[in-house]
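Okay, structure first, notes after.
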Amino acid sequence: MAGLAENDSIKAENLVWIFGTGRGGSTWLASMMGELARRRFWDEPLVGKLFGDLYYSGAGTVQSDWDDFVYARKYRDAWLRSIRNFVLESASVRFAEVAENDYLIVKEPNGSIGAPLIMEALPESRMILLVRDPRDVVASNLNALGEEGWLAEQHRSAPRPGGDLARRNPDAAIKRRAKRYVENVRNAKDAFESHEGHKVLIRYEDLRADTLGTMKRLYSTLDISVKEEDLIRTVESYAWENIPEEEKGPGKFNRKATPGGWREDLTPEQARIIEESTALLIEEFYPSREQGNYG
Amino acid sequence: MDNKDIKAEDLVWIFGTGRSGSTWLASMMGELAGGLLWNEPLVGRLFGDFYDEILPRTRGRDTFIMAEANREAWLEGIRHLVLNVAESVCHELGTGGYLVVKEPNGSVGAPLIMEALPESRMILLVRDPRDVAASALDGHRKGSHAHERASSDPRKAGALAKNSPDNRPGAFLKRQANRYLRSVGNAKRAHDDHRGYKALVRYEDLRTETLETMRRLYRELDITVEEDDLARAVDKHAWENIPEEEKGPGKFNRKATPGGWREDLTQRQVETIEEITAPLLEEFYPV
């Protein structure tokens, strides 16, 4: 088996990473961006999860001072080089048709735990931090895990331990989901703050309220040229209003797309649980928003 | 070994499970390899845990980073990472013939590691699961070596309290047995599939016939060692030469007595472990 080449056809600066959290509108954003990038769209490779789980779990946090650990601080350059290689080689194999100056959109909300490592390994890449109110994220997730939910349906076809927690003990499921939100968004935020390349922070609520304006800002901040008419057409094509009615609603992947909808979806106690777990991030991204019972 | 260009065939992997004599074996082998020992990098865990825990429908997606359709690409990525970091480790350690990689707690990823590095040498080290569980039970009790190490780190406090065998020894042993099944099961699969040099070593044989077992191991791995060096390394690391104050209940070096589980475990505990690890017990310790 030959060694990996350091220079692959896909350049690090042409990767545009979307980090944040699942149920944060990343599918919608990535679909629009993928369309504008002529469908060059890498849908949830989970490479951030691959490299982030061990590093940010107990093993990594406890052992990075230990010189024999694969993620030893002492050998940081060596393993970061390998992560870079892993990503670029994998991207090049999958997207062999991508030309030298084409962009590849990488939708990776559920790999956000590894965002700091990915962005450090690929400092030339572009990065989007997509955030959404954690109460709406958890409400959306809870709905998907409900009896008629699309995620519950997936779990039924491939059962796993704790897969039915949302039905057995909704409060425990909410706590778990809020914890995952913090893990993902906190690490994505850390990566965003450290990243010195092109980057943009997008709030789902702004994207929903003023899609075209927000998309224009996104592309201009990332220093990527797009034609105005292409942008308008794409925004229109993926607008919530243009999704067929039968594909929208409770239990469906496209649920309600209503910022602040958590007030109808969650009990005060459920909102309090989420607010307690995610307080620092709410304060950071939603400082002026009315809170539930907490804070 | 050229530090600028470490080769996959220079790596000797020890897979199996924790508390099975891997520290002892690796110490002897590291001694013979000029001190070149990579002690628990957990690279097997990095890739193995992730791959094992991912849902089948995710594995089936072409966009997944470890999708079957792109197996060759990500295996090369694993190879690159292992050799790249190993080269840095060797650079620190100096020159030698082989790099012994002690990786019992990364055995869940053994099949991926060995597939990515087919020229590497591999040792499958097994020990009776009842003795492994009894040793882990003793080591994790309050005041014992593993408990002390963990309790000195505040980040481990939560897990320590939750998983302590002092509160629920039955649940602790069940987890240990399941871990054994997963680790040794995957290490065995890697050993079965590996076409390169490999050796199967039972801890019990290593304990009763250390020198002879070590000779066989090196022969099967096609590695030349001087008889004098081998005898010296075996002697230096012999159980009998460990100071008395470093041995005994609660210590890392506990009793090194195959079959000691008969004194350490209750009948019910034994049955639990036997039930969970049955396929491997049958394979390696047939009645």
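Read the figures in this text as sums done on the coordinates, not as results from a lab. What you see is a predicted model; the values in this text were computed from it and never measured. Cβ sites come from the backbone with ideal geometry, for glycine too, and all protein chains shown count toward neighbours.
For this structure, a couple of remarks:
- Amide H contacts of A:Phe41 (H built 1.01 Å from N, in plane; Pro and chain starts excluded): A:Ile105 sit under 5 Å, all sequence-distant by 5 or more or on other chains.
- Take the Cβ atoms of A:Asp206 and A:Arg76, set R0 to 35 Å, and the FRET efficiency comes out at 0.45.
- What the phi angles of segment B:213-225 give under the Karplus curve with 6.51, -1.76 and 1.60, with θ = phi - 60°, is a coupling list of 5, 5, 4, 4, 4, 5, 5, 5, 7, 6, 10, 7, 9 Hz, glycine and proline written as x.
- Pairs over the 30 Å Cα-Cα cut-off, from the set A:Lys107/B:Lys7; A:Lys179/A:Lys199; B:Lys102/B:Lys174; A:Lys189/A:Lys256; A:Lys11/A:Lys179: A:Lys107/B:Lys7; A:Lys11/A:Lys179.
- Relative contact order, whole percent, for segment B:8-284 stands at 27, derived from Cα pairs under 8 Å and 6 or more residues apart.
- Distant-in-sequence amide H partners of B:Lys198 (H built 1.01 Å from N, under 5 Å): B:Met122
- Couplings 3J(HN,Hα) for segment B:255-261, derived from phi with the Karplus relation 6.51 cos²θ - 1.76 cosθ + 1.60 (θ = phi - 60°), are 9, 6, 10, x, x, x, 4 Hz, where x marks Gly and Pro.
- Extension gain for B:Glu119 to B:Leu211 (0.36 nm times residue separation, less C-alpha to C-alpha distance): 30.5 nm.
- Within the protein assembly as shown, helix-based [θ] at 222 nm, where runs of 4 or more DSSP H residues each add -39,500 (n - 2.57), nearest 500: -16000 deg cm²/dmol
- The spacing between segment B:1-51 and segment A:11-32, judged by their C-alpha centroids, is 38 Å.
- 3J(HN,Hα) along segment A:98-114: 5, 6, 3, 9, 7, 9, 10, 8, 10, 8, 9, x, 7, x, 5, 4, x Hz, from the Karplus curve 6.51 cos²θ - 1.76 cosθ + 1.60 with θ = phi - 60°, whole Hz, x for Gly and Pro.
- A straight chain from B:Tyr285 to B:Lys142 at 0.36 nm per residue would run longer than the Cα-Cα distance by 48.4 nm.
- Amide H contacts of B:Trp38 (H built 1.01 Å from N, under 5 Å, at least 5 apart or other chain): B:Val100, B:Val101, B:Lys102
- Residue exposure sequence - B:Leu36, B:Leu280 - by fewest surrounding Cβ within 10 Å: B:Leu280, B:Leu36
- Springs join every pair of Cα atoms under 10 Å in this Gaussian network model of chain B, and among B:Thr257, B:Thr277, B:Thr213 the largest mean-square fluctuation is at B:Thr257.
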